[in-house]
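For reference, the structure is listed below as structure tokens.
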Amino acid sequence: MNIVQVKEVKKTYIQGKVEVYALRGVSLDIKKGGFAALAGPSGSGKTTLLNIIGGLDLPDSGDVAVDGSSFSGMSQADLAKMRLNKIGFVFQAYNLIPVLSAVENVEFVMLLQGLDKVERRQRAKDVLDDVGLEGKYDRRPAELSGGQQQRVAVARAIVSNPSIVLADEPTANLDSKTGNGLLEMMKEMNEKKSVTFIFSTHDDMVMDYARRLVQIRDGEIADDIVK
Amino acid sequence: MPIDITMAWRNIWRNPRRTLLTVAAIGFASTALVFMLSFQFGVYDTMINSSVNIHAGHLQIQAKGYKEKMAMRYAVADPVRMGNLLNGIDDVKSYTYRAEGFSMLSSSDRTYGVLVTGIDPDKEKQVSTIKSLVRKGEYLSSSNAYEALVGSLLAANLKVGIGDEITILGQAKDGSVAASVVTVKGIFTSGIDEFDRSTVQIPLKTFQEVYSMDGAVHRVVVVCKSLKSVSMVKAALAEDISGIDEKYELKVFDWMEIMPGLLQSIQMDLISGFIMYIILVIVVAFSILNTFLMAVFERTREFGVLMAIGAEPGRIMKLLLIESITMTSIGIFLGMALGSVFSLYFQKHGIDFTGASEIMNQMGISGLMYPKLTLLSLFTGPMAVLFITSVAALYPALKVKSLRPVEAISYN
Ligand SMILES: Nc1ncnc2c1ncn2[C@@H]1O[C@H](COP(=O)(O)OP(=O)(O)O)[C@@H](O)[C@H]1O
Ligand SMILES: [Mg+2]
């Protein structure tokens with residue numbers, strides 16, 4: 001079953017007076033339970049594609065559907081609700097709300113979903129345990145290392161069992177050992193809890209973890225390998 | 001505690017210095033507003049009281065037309081009847097009768113045209129403070145002697161002292177010539193120059209005889225138990241006298257109508273005060289606007305993350321508004337507390353205005369002045385600050401509302 005369907009998506013930016021073709025017609029299906037990497041050099045369109053899949057941005061043409069619901073015609077409020085319930089995000093850095101502790105950051109999503117406090121707290125702690133942060137619940141982001149912060153971000157992204165987690169270069173700000181550790185953990189979540197991940201990277205080491213490797217060049221899919 | 005409030009509180013203290021400065025600005029403005037308004041109200045009370053107490057009273061009954069033309073014939077024919085009415089009104093503290101006539105006043109050296117006033121010494125001293133302001137000689141003793149109480153500046157102008165004679169020459173109520181000679185019994189200084197330059201008082205009986213008043217007076221001057229009861233007494237009195245059939249219809253005037261100049265100078269002062277206050281409030285508004293715009297710029301990425309995980313902009317806006325309201329409230333609360341403390345302190349101990357300017361003296365401002373903390377002076381300024389800072393905080397909050405998630409997330 002395809003949890004994400006991307007059809008003929010195009011996106012153009014105007015930079016000064018020049019038109020930049022960020023996506024030139026991308027079509028892509030991601031299966032439930034997948035662990036896919038978007039690979040490509042800087043400027044190839046990875047972030048643009050992930051933002052569009054996540055409903056943060058809208059394509060100029062083409063269509064995206066997550067878990068069967070198409071984005072076209074959705075209002076900003078609909079998109080927000082969609083992101084809340086079906087999509088998890090991990091960004092390259094500064095993912096967390098600085099004034100909230102690790103556990104509060106993870107809880108926040110469930111708070112927005114209207115879950116009650118006891119359940120929220122318990123699930124948040126469980127997920128933090130899963131990503132290897134037991135005992136660090138009450139640390140603020142500033143008191144955590146970069147790798148730990150990204151783990152909190154992953155925990156927050158997966159805590160409400162979304163259809164898909166989108167991670168845009170999650171390891172780019174980490175040293176390779178920490179980065180590999182993060183990917184190991186993500187893969188474990190994928191295998192144990194069947195969380196679907198799409199992550200972007202331009203690092204060959206990171207690509208090795210993927211079970212599917214989608215190569216992007218100049219806003220187009222250049223290669224798509226299922227390993 | 002709800003997470004929004006926890007977040008707001010922690011966010012407020014993310015940049016303690018900026019927060020403290022903003023709170024201090026709001027607090028300072030509120031303190032200043034409470035104190036300055038209390039001070040103004042205190043000064044107005046003093047101004048009103050000193051004018052009321054020296055001469056004008058809170059209310060006056062006059063024949064219709066007298067206030068405008070001040071002609072002898074517009075008189076209250078039966079003052080005793082008025083006195084009986086006034087005895088029956090609870091909030092009336094005291095009252096007196098006066099009759100007046102423009103006359104030539106001559107000493108052996110000089111001649112001046114002034115308004116001669118006939119007063120009932122016994123009643124007058126319950127209404128007016130002049131008795132206590134006599135600096136030389138004595139207050140008028142009986143109501144039918146040929147003696148005069150003279151303002152110090154007028155005495156100087158006429159070059160008269162205690163025991164000197166003054167010749168009065170005017171026109172009586174019946175149109176005949178009114179002429180008499182009185183002896184200077186006392187000289188007073190009220191501190192209000194205009195009054196000290198133009199006042200000469202003689203006993204009422206003497207006046208009525210000299211000016212052929214036939215028992216009539218021009219003003220029945222009433223002092224109420226407090227400034228607050230004035231409008232009530234006025235209404236009661238107006239009703240009481242409406243049925244009385246005298247030659248000239250009788251009217252009641254309050255101090256604002258009797259001394260329009262006083263009311264005007266209070267209004268002028270209030271307006272110039274308000275202009276200053278508005279400037280102060282606007283400065284504070286800009287300071288909070290700056291604080292929140294900075295916060296929004298600095299935290300745009302964070303808002304982007306919040307939106308990415310599914311928070312709607314309205315939620316973020318609410319968060320920002322809680323932050324601004326919390327900050328503003330702390331400042332306003334501190335300001336009201338400090339402003340009250342200052343006002344109450346000086347309300348007890350007074351602020352020394354001895355040696356204040358001539359103009360202030362003329363308005364009755366001299367010596368110790370006392371602020372007067374009222375609900376109005378406590379709340380007006382701070383509520384204006386609250387209102388304007390809320391409006392100022394709304395702008396950055398609305399900016400967040402129109403923020404697009406991608407723009408926010410890629411903002412740096
Ligand atoms: N907001 C934007 N305004 C203008 N150009 C943009 C914007 N975002 C991305 N681009 C351009 O679109 C292209 C793709 O960018 P991006 O998706 O960020 O690539 P990647 O994530 O692979 O580095 C680049 O040429 C980039 O300069
Ligand atoms: Mg990118």
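The values are calculated or read from the model by the stated rules, or taken from the named source; none is laboratory data. From a predicted model like this one, the values you see are computed outputs, not experimental measurements. So basically every Cβ, Gly included, is an ideal-geometry build from the backbone, and we count neighbours across all protein chains shown.
Checking A:PRO41 against (1) within 16 Å of ligand 2 (Cβ to nearest atom); (2) surrounded by 15 or more Cβ atoms within 10 Å (Cβ to Cβ), which test does it fail?
Unmet for A:PRO41, out of (1) within 16 Å of ligand 2 (Cβ to nearest atom); (2) surrounded by 15 or more Cβ atoms within 10 Å (Cβ to Cβ): (2).
Considering only residues that are in contact with a helix residue (DSSP H, G or I) (Cβ under 9 Å, 6 or more places away or on another chain), within 16 Å of ligand 2 (Cβ to nearest atom) and outside any loop (DSSP other than H, G, I, E, B), which ones fall in segment A:180-213?
Correct list: A:ILE198, A:PHE199, A:SER200, A:THR201, A:VAL206.
What's the number of the condition A:GLY114 fails, among (1) small (Gly, Ala, Ser); (2) away from ligand 2 (no atom under 16 Å from the Cβ); (3) touching a strand residue (DSSP E or B) at 6+ places or on another chain (Cβ under 6 Å)?
(3)
Give the residues of segment A:165-179 that are more than 16 Å from ligand 1 (Cβ to nearest atom) and in contact with a helix residue (DSSP H, G or I) (Cβ under 7 Å, 6 or more places away or on another chain), sorted by residue number. Walk me through how you get there before you give the answer.
Within segment A:165-179, the first condition is being more than 16 Å from ligand 1 (Cβ to nearest atom), and the residues that meet it are A:165, A:174-179.
Correct list: A:VAL165, A:LEU174, A:SER176, A:THR178, A:GLY179.
Restricting attention to segment B:29-50, does a residue exist that is in contact with a helix residue (DSSP H, G or I) (Cβ under 6 Å, 6 or more places away or on another chain), under 27 Å from B:LYS131 (Cβ atoms) and among the aliphatic types (A, V, I, L, M)? Working first, answer last.
Here is the first cut: in segment B:29-50, the residues in contact with a helix residue (DSSP H, G or I) (Cβ under 6 Å, 6 or more places away or on another chain) are B:29-31, B:33-35, B:37-38, B:40-41, B:44.
Add one more test, that the residue is under 27 Å from B:LYS131 (Cβ atoms), and what stays is B:44.
Remaining after also requiring among the aliphatic types (A, V, I, L, M): none.
Within segment B:29-50 (the criterion being in contact with a helix residue (DSSP H, G or I) (Cβ under 6 Å, 6 or more places away or on another chain), under 27 Å from B:LYS131 (Cβ atoms) and among the aliphatic types (A, V, I, L, M)), the answer is no, since none of the residues qualifies.
With respect to B:ALA337, is the statement that it is modelled with pLDDT of 90 or more and hydrophobic (A, V, I, L, M, F, W, C) true?
yes
Can you list the helices (runs of 4 or more DSSP H) lying wholly within segment B:2-81 that have 1 or more residues being more than 29 Å from B:LEU375 (Cβ to Cβ), over 27 Å from the mean Cα position of the chain (by Cα) and within 14 Å of chain A (Cβ to nearest Cβ)?
Ranges flagged: B:3-12, B:16-51.
Quick one: which residue in B:VAL116, B:VAL80 is among the hydrophobic types (A, V, I, L, M, F, W, C) and in contact with a Ser or Thr (Cβ under 8 Å, 6 or more places away or on another chain)?
On inspection, the qualifying residue turns out to be B:VAL116.
Please state which one of A:GLY45, A:GLY55, A:GLY34 is more than 15 Å from ligand 1 (Cβ to nearest atom) and within 15 Å of A:VAL214 (Cα to Cα).
None of the other options fit; the residue is A:GLY34.
Just to be sure before I move on: is A:ALA172 of a type in the set (A, V, I, L, M, F, W, C), at pLDDT below 95 and outside any helix (DSSP H, G or I) in the structure I sent?
So A:ALA172 fits the description; yes.
Specify the residue that is farthest from the other protein chains (Cβ to nearest Cβ); the eligible residues are those in segment A:115-134 that are part of a loop (DSSP other than H, G, I, E, B) and aliphatic (A, V, I, L, M).
Step one: of segment A:115-134, the residues part of a loop (DSSP other than H, G, I, E, B) are A:115-116, A:131-134.
Now drop any that are not aliphatic (A, V, I, L, M), which leaves A:115, A:131, A:133.
Values: A:LEU115: 12, A:VAL131: 16, A:LEU133: 18 Å.
Per the stated criteria, the residue is A:LEU133.
Is segment B:380-398 home to any residue that is in a helix (DSSP H, G or I), farther than 30 Å from B:ARG299 by Cα and in contact (Cβ under 8 Å) with a residue 40 or more places away in the chain?
yes
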